[in-house]
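The values are calculated or read from the model by the stated rules, or taken from the named source; none is laboratory data. Keep in mind it's a predicted model, so treat the numbers as computed, not measured. Please note: Cβ atoms are built from the backbone with ideal geometry, for glycine as well, and neighbour counts cover all protein chains shown. What goes into the accessible areas is simple: the full protein's heavy atoms, side chains included, and nothing from ligands, DNA or RNA. Shrake-Rupley method; radii C 1.70, N 1.55, O 1.52, S 1.80 Å.
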Amino acid sequence: MEKESGRQPRRGLFSGIRQSLRAQIGLIMLLSYLIPVVLLGVFTGSFLMKKLENQTRSAVTSGAEQAWTLTNQNIERTLELARDATYDGELTDAWQKWNSESIGDAEFRRFCQIYLERKYSREPLLSFVACFPVKDPKLKTYLRGGALEGSGELQKLIETVQIMGEELDTRCRFFRFENNIYLVRNLLNLRMERFGMLILGINEERLFQPLTELGREWDAEVAIRLDDCGDPEIDWKSAGTGLTDDRKEKLYYTRLSGGEENGLDLRLTMDRRKQYNEVYSFRMLLLVMALLLVPIMIMIGIYLSRRIVKPLTLLSAASRRIEEGKLGATVPLNGEDELGRLGRSFSQMSLRLKELIDKTYKEEIELKNAQILALQSRINPHFINNALEDINWQARIEGSESISSMVTSLSVLLNATMARQDRRLVTLREEMEVAEAYIYFIQQRFGTDLTVNREIDEKAMDGILPLLTIQPLLENAVEHGIAPAGGGIITIRCSLNDACMHVEIVNTGRETGKEDRERIEAALKGNPTGKHLGLANIVNRLRLIYGESVTIRVDTDTPGQTTVSIIIPREIH
């Protein structure tokens, strides 16, 4: 028993899905969304993303290697310029002549100046050049060193270089002095004896241009170490080589010279998101696509629900109503597709079935006629009582001969309610005779305070309508509009076309309140309440005779005016 009770909810869930078309479509839509999203996510995550990351790493490595190579070529160029001062022998010859006193100090310095200008003056990698003999550093010769000479820094630079020269031998060395980089080299004779020193001031912007341009392009931090010239904040000894990724914010590229003489060490620190911009953009694209699919799937679901599920639900509900005996049930499906045509066919079939059954049961028709006669007779005491009160009131006030006319009018009303009870339908001409009799009464009561306008097409006078349709409407207009206001205007409009007759009673007078509107709404539904007996009586009689094809409206939107409109079909259904 416990096992069975434990399985019951699952059976109920799947059974509910099987029995609900809406649930099945929802499940299909959910799977249609999840399956491609999951498959695309797995495919892109395991293959495309890794491929894009590898391509990005290769591009970063290749770009950094190229910039490092170009910078290293610039360094080699400066080293060659330093070596040439010894290898071409021109400074050596000048020194030997000066050392043997063949030429004086001035001649030696002039010769050195000419050599430096010819050799280095047009070299963009250099910002300063100087040389001096070890025996007499005062015989220094230099180019573009005016700022150093003026500040006294040139002498300090020469003193620093003298100390370094004792340890250099045949090597070149880069060093930093007063925020500038210099390359220093001993000048050697043919016996490899040091006779002087050469100082080359490095144009850092030009020397490291490939790396600085790459740093600006990638928005990366560039750290360089060249001999003793390097970023002191970086632990170059423990730095790894190649491209490294912290998987958070930074991407690093490191290239070390391995301790080579005059070797260039490089460290690029890059924003991971900027370097992997394509990867992040692709991920964002996938996310946006997945999110955009949600409203698309919802709209598709709504469309399927409205165009398929809802029509089928309406058809199913209408079928159940017919099964319960509520014949004539219809569905509001008017589209041009298959379901629309099916809905129209179903509605026509249901209405036809109701019509056939109504015709089969004749006793229903007899009952209908009895109900019409009963409702028609209910109005008699209502207006007869009002008419007698008016006659009594007129007799007490005037005592005139108008009483005879009032009695005549009363006889017309009595004739309509008593002598014609076997007639349900009359012409508008006959109906207006009854209405005119009632109008006579109310005009006697209100005198000049009441105006009755008649706007009736001549051809409408032969139109057919139920007996006592207009008179009760006039009575309602008087009792609820004219009388409370002490007078007003009543307009009777009637017209006739091939399909129907239009009857409209307009009265001015007291504005309609909320409670009046509620009573009118009840009367339009055929439920008489309070003083709206006549309107409810007319509604019930018209609907019993004409069914749903008759239209009855009461308009109270215009302040101080009430309009009752009736559209009566020319054929009885």
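Provide a single number: the residues in the range 235-281 that are open to solvent by less than 40 Å² (accessible area, probe 1.4 Å), more than 52 Å from the chain's Cα centre (by Cα) and either basic (Lys, Arg) or modelled with pLDDT of 80 or more (or both).
Counting residues in the range 235-281 that are open to solvent by less than 40 Å² (accessible area, probe 1.4 Å), more than 52 Å from the chain's Cα centre (by Cα) and either basic (Lys, Arg) or modelled with pLDDT of 80 or more (or both) gives 5.
Determine whether residue 431 is buried (at least 18 other Cβ atoms within 10 Å of the Cβ), under 29 Å from residue 547 (Cα atoms) and not aliphatic (A, V, I, L, M).
Judged against the criteria, residue 431 is a match.
Please name all residue pairs, on different chains or six or more residues apart, with Cβ atoms under 9 Å, provided the first residue is in the range 283-310 and is over 21 Å from residue 273 (Cβ atoms) and the second residue is modelled with pLDDT under 75 and not in a helix (DSSP H, G or I).
Within 9 Å, the pairs are 307/335; 307/337.
Within the range 148-195, how many residues turn out to be of a type outside the set (Lys, Arg) and surrounded by 14 or more Cβ atoms within 10 Å (Cβ to Cβ)?
26
Out of the residues in the range 35-54 meeting the condition of being of a type in the set (A, V, I, L, M) and modelled with pLDDT under 75, tell me which one is nearest to residue 253 (Cα to Cα).
Per the stated criteria, the residue is 49.
Give the residues of the range 490-522 that are modelled with pLDDT under 80 and among the small types (Gly, Ala, Ser), sorted by residue number.
Passing the criteria: 509, 513.
Check 57, 77, 22 and return the single one that is at pLDDT below 80 and either in a helix (DSSP H, G or I) or closer than 22 Å to residue 274 by Cα (or both).
Testing whether each residue is at pLDDT below 80 and either in a helix (DSSP H, G or I) or closer than 22 Å to residue 274 by Cα (or both) leaves just 22.
For the range 70-102, enumerate the residues that are farther than 16 Å from residue 133 by Cα and in contact with a Pro (Cβ under 8 Å, 6 or more places away or on another chain).
Residues satisfying the conditions are 70, 71, 74.
Inside the range 196-234, can you point out the residues that are closer than 28 Å to residue 157 by Cα, open to solvent by 60 Å² or more (accessible area, probe 1.4 Å) and assigned to a helix (DSSP H, G or I)?
205, 206, 209 - these are the residues of the range 196-234 that are closer than 28 Å to residue 157 by Cα, open to solvent by 60 Å² or more (accessible area, probe 1.4 Å) and assigned to a helix (DSSP H, G or I).
Go through the range 103-120 residue by residue and tally those that are closer than 15 Å to residue 135 by Cα and open to solvent by less than 70 Å² (accessible area, probe 1.4 Å).
2
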